[in-house]
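Visitor: One structure follows; several queries about it will come next.
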Amino acid sequence: MDNKLAAKSFINNRNKTQSMVLTALVFASALVIAAVENMLPPLPIAVPGVKFGLSNIAVMFALFFLEKKQAYTIGILKAGFVFITRGAIAGLLSFSGGMLSITAMILLMIIFKEKISYMVLGIFGAVSHNVGQFIVITIIYTGMSIWAYLPILLVSGIIAGIVTSTLLKFIMPAFNRLA
């Protein structure tokens with residue numbers, strides 16, 4: 001009986017180890033994608049803070065093809081990395097946007113099951129990310145009137161969601177090799 005328990009424990013630990021390694025690889029992919037995005041020339045619009053958020057492709061992959069827990073873990077790790085490299089406010093914005101984005105996509109996946117496309121999920125995820133960041137900014141900068149910025153964030157979220165979900169389709173074979 002002890003041998004069966006030991007074998008089961010080994011298998012569970014191996015699965016946990018595989019899950020942890022896969023999460024780390026997808027997170028590393030997110031960092032590489034973010035580095036590549038940072039090397040690209042800025043978008044030809046004069047709106048501060050607006051970018052595609054291409055590293056969210058890795059989070060979307062984890063959410064759609066791994067476990068929800070792994071998507072949250074990658075989102076938290078990304079926010080931690082942003083905190084270390086760009087400071088507390090940027091880290092808080094990354095965390096709030098990322099957690100709201102993942103939660104919104106999970107809720108839509110639960111409600112609509114297989115009837116919702118990756119593009120619609122990507123759009124809602126990106127818009128939710130921007131809304132989460134906007135909420136934190138309005139709390140931090142209470143004296144500033146920044147509501148005029150919200151429509152810009154919503155439109156940029158739609159565009160970013162289309163871009164990231166489209167790129168996910170092209171990058172999916174590389175991610176599948178990780179899994």
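The values are calculated or read from the model by the stated rules, or taken from the named source; none is laboratory data. Since we're looking at a predicted model, the values are computed, not measured. In this analysis, Cβ positions are derived from the backbone assuming ideal geometry, glycine residues included, and neighbour counts consider all displayed protein chains.
Visitor: Looking at the structure I just gave you, is F52 at negative phi, modelled with pLDDT under 85 and not in a helix (DSSP H, G or I)?
Guide: Judged against the criteria, F52 is a match.
Visitor: If you don't mind, there's one more thing I want to ask. Please identify the pairs in which a residue from segment 1-29 that is closer than 11 Å to A58 by Cβ and of a type outside the set (S, T, Y) has its Cβ atom under 6 Å from the Cβ atom of a residue that is surrounded by 10 or more Cβ atoms within 10 Å (Cβ to Cβ) and modelled with pLDDT under 85, counting only partners at least 6 apart or on another chain.
Guide: L25/L178
Visitor: Anything in segment 113-127 that is among the aromatic types (F, W, Y) and either modelled with pLDDT of 95 or more or buried (at least 23 other Cβ atoms within 10 Å of the Cβ) (or both)? List them, or say none.
Guide: F124
Visitor: Of the conditions (1) touching a residue at least 40 places away in the same chain (Cβ under 8 Å); (2) over 13 Å from the mean Cα position of the chain (by Cα), G143 clears all except one; give me its number.
Guide: Result: G143 passes all but (1).
Visitor: Got a number for residues in segment 77-116 being under 11 Å from the mean Cα position of the chain (by Cα) and more than 22 Å from L153 (Cα to Cα)?
Guide: Matching residues across segment 77-116 total 1.
Visitor: Which residues, counting only those in segment 128-149, are under 17 Å from K51 (Cβ atoms) and either at pLDDT below 90 or not in a helix (DSSP H, G or I) (or both)?
Guide: Scanning segment 128-149 gives a single hit, Y149.
Visitor: What are the pairs with Cβ atoms under 9 angstrom where one residue, in segment 64-78, is touching a residue at least 60 places away in the same chain (Cβ under 8 Å) and assigned to a loop (DSSP other than H, G, I, E, B) and the other, located anywhere, is buried (at least 16 other Cβ atoms within 10 Å of the Cβ) and hydroxyl-bearing (S, T, Y)? Sequence gap at least six, or different chains.
Guide: Cβ pairs passing all conditions: L66/T23.
Visitor: How many of the residues in segment 56-105 are of a type in the set (K, R) and buried (at least 17 other Cβ atoms within 10 Å of the Cβ)?
Guide: 1
Visitor: Considering (1) under 13 Å from G97 (Cα atoms); (2) surrounded by fewer than 21 Cβ atoms within 10 Å (Cβ to Cβ), say which one N130 fails and leave the rest.
Guide: (2)
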